[in-house]
Amino acid sequence: MITIFIYTCELQLNLIAMEIQKVDAISYKEFMKNFYEPGIPVVFKNASKVWQANGMFSPDWFKKHYGERSIQKGNKTYTMTEVMDLVETSTESSPAPYPIIFNIPSALPELLPMLDPLHLNYAIPNWLDSKWFKKGKWGGVTELFIGGPGGKFPYLHLDFYHLNAWITQLYGEKRFTVFPRGQEDLLYPKRDDPWKSDLNIFNPDYTKFPKFKDATPIEFTIGPGETLFIPFGTWHTAYSLTTTISVAFDQLNSKNYPKFMNDVWEFNRKKSRKKALVKYGYAWLAGQSCRMKEVLGFA
Ligand SMILES: O=C(O)CCC(=O)C(=O)O
Ligand SMILES: [Fe+2]
């Protein structure tokens with residue numbers, strides 16, 4: 001009897017773990033307690049309603065307003081119009097290159113007011129907004145992701161520097177696969193590049209990666225207006241189901257700062273110990289300044 005009870009509980013826990021929660025109108029406090037603190041991914045159904053961009057962005061809109069802006073992908077340069085034509089004719093069997101990324105502050109700064117407040121009233125505090133971290137160029141960039149049907153993010157990965165990722169879908173549908181924390185051993189991080197895995201999760205080779213059989217991915221689709229929160233340390237990848245336009249940014253604060261600092265050291269140590277010390281010292285000062293502002297209530 002007890003065995004059956006325990007088995008049922010375990011099964012239920014597994015089922016719960018294998019579904020993403022989609023939430024609507026939760027308070028900031030609830031988000032912090034139920035998702036941010038424990039590091040659980042979640043989808044906000046309409047947090048982006050505070051953005052003017054919500055419902056406005058479309059391939060035609062970009063072609064009309066910013067058709068001549070250009071982007072480098074591989075060794076080719078594309079204009080926005082070419083990018084949109086490419087993704088609109090993309091198919092599963094002959095997909096457009098993915099992802100095509102525009103750096104919003106440098107290539108499309110006019111969009112910034114349409115994405116205000118960037119934090120959606122949830123991604124707070126974000127130390128990457130501080131001048132200190134902006135200067136350090138640690139991933140605090142707002143990016144526009146454009147894709148077409150069949151576009152696959154090239155690998156299963158963790159985001160660098162243990163930053164939290166916030167991805168808002170503004171046009172089309174994208175499928176995400178996320179692996180809740182604690183499955184590192186089952187996902188075969190590369191020895192020389194432990195942020196990536198060689199696993200092709202869409203067609204896994206179980207003879208080469210037998211432990212992957214025990215991994216418990218969560219797969220789900222996000223559509224227009226929905227925002228995905230990916231806590232640091234969560235392995236993930238994405239697949240564009242239709243023509244897609246998303247906005248992505250990262251978040252750093254006291255929660256992921258210790259792991260961030262470790263990465264600042266580890267990444268740079270391999271190149272030069274001296275450079276690593278300088279970077280680490282700078283990131284340490286930047287962190288103290290942000291922490292102080294937070295404690296004093298300025299952030
Ligand atoms: O939207 C996507 O394709 C996923 C992007 C992503 O995971 C990343 O840039 O690190
Ligand atoms: Fe990522």
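This table checks each residue for (1) farther than 23 Å from Pro231 by Cβ; (2) among the polar types (S, T, N, Q); (3) more than 11 Å from ligand 2 (Cβ to nearest atom).
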position	(1), (2), (3)
Gly148	yes, no, yes
Gly151	yes, no, yes
His157	no, no, no
Leu163	no, no, no
Tyr171	yes, no, yes
Thr177	no, yes, yes
Asp185	no, no, yes
Asn200	yes, yes, yes
Tyr206	yes, no, yes
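Of the numbered conditions (1) touching a residue at least 12 places away in the same chain (Cβ under 8 Å); (2) more than 10 Å from ligand 1 (Cβ to nearest atom); (3) over 14 Å from the mean Cα position of the chain (by Cα); (4) under 25 Å from Lys73 (Cα atoms), Lys190 fails exactly one; give the number of that condition.
Just one mismatch for Lys190, condition (1).
State all residues of the stretch 245-263 that are out of contact with any helix residue (DSSP H, G or I) (no Cβ under 7 Å at 6 or more places or on another chain) and either more than 13 Å from ligand 2 (Cβ to nearest atom) or assigned to a loop (DSSP other than H, G, I, E, B) (or both); if no residue qualifies, say none. I'd like the intermediate steps shown before the answer.
Residues of the stretch 245-263 that are out of contact with any helix residue (DSSP H, G or I) (no Cβ under 7 Å at 6 or more places or on another chain), as a first pass: 245-246, 248-249, 255, 258, 262.
Within the stretch 245-263, Ile245, Lys255, Pro258, Asn262 meet the criteria.
Would you please list the contacts, defined by Cβ atoms under 9 Å and residues six or more apart or on different chains, that run from a residue in the stretch 274-293 that is open to solvent by 30 Å² or more (accessible area, probe 1.4 Å) to a residue that is in a helix (DSSP H, G or I) and among the hydroxyl-bearing types (Ser, Thr, Tyr)?
Arg291/Tyr257
Please go through the stretch 112-161 and pick out each residue that is of a type in the set (Asp, Glu) and in a loop (DSSP other than H, G, I, E, B).
Across the stretch 112-161, the qualifying residues are Asp116, Asp159.
Return the only residue of Ala123, Ala107 being in contact (Cβ under 8 Å) with a residue 12 or more places away in the chain, closer than 18 Å to Ala248 by Cα and within 16 Å of ligand 2 (Cβ to nearest atom).
Values: Ala107 fails: within 16 Å of ligand 2 (Cβ to nearest atom).
Exactly one residue qualifies, and that residue is Ala123.
Looking at Gly233, is it within 15 Å of ligand 2 (Cβ to nearest atom) and surrounded by fewer than 19 Cβ atoms within 10 Å (Cβ to Cβ)?
Numbers: within 15 Å of ligand 2 (Cβ to nearest atom): yes; surrounded by fewer than 19 Cβ atoms within 10 Å (Cβ to Cβ): yes.
Criteria met by Gly233.
Looking at the stretch 66-86, I want the residues that are on the phi > 0 side of the Ramachandran plot and have a partner that is surrounded by 15 or more Cβ atoms within 10 Å (Cβ to Cβ) with Cβ atoms under 9 Å, at least 6 apart or on another chain. Which pairs are those?
Matching pairs, first to second residue: Gly74/Pro97.
Between Thr237, Thr242, which is polar (S, T, N, Q) and part of a loop (DSSP other than H, G, I, E, B)?
Details: Thr237 fails: part of a loop (DSSP other than H, G, I, E, B).
Result of the check over Thr237, Thr242: Thr242.
Of the residues Arg175, Arg181, only one is farther than 30 Å from Phe62 by Cβ, open to solvent by 50 Å² or more (accessible area, probe 1.4 Å), touching a residue at least 40 places away in the same chain (Cβ under 8 Å) and charged (D, E, K, R); which?
Working: Arg175 fails: farther than 30 Å from Phe62 by Cβ.
After ruling out the rest, the residue left standing is Arg181.
The values are calculated or read from the model by the stated rules, or taken from the named source; none is laboratory data. In this text, all values refer to a predicted model and were calculated from it rather than measured experimentally. Glycine also receives a Cβ, built like all others from the backbone with ideal geometry; neighbour counts cover every protein chain displayed. Surface accessibility is based on the protein's heavy atoms, side chains included, excluding ligands, DNA and RNA. Shrake-Rupley method; radii C 1.70, N 1.55, O 1.52, S 1.80 Å.
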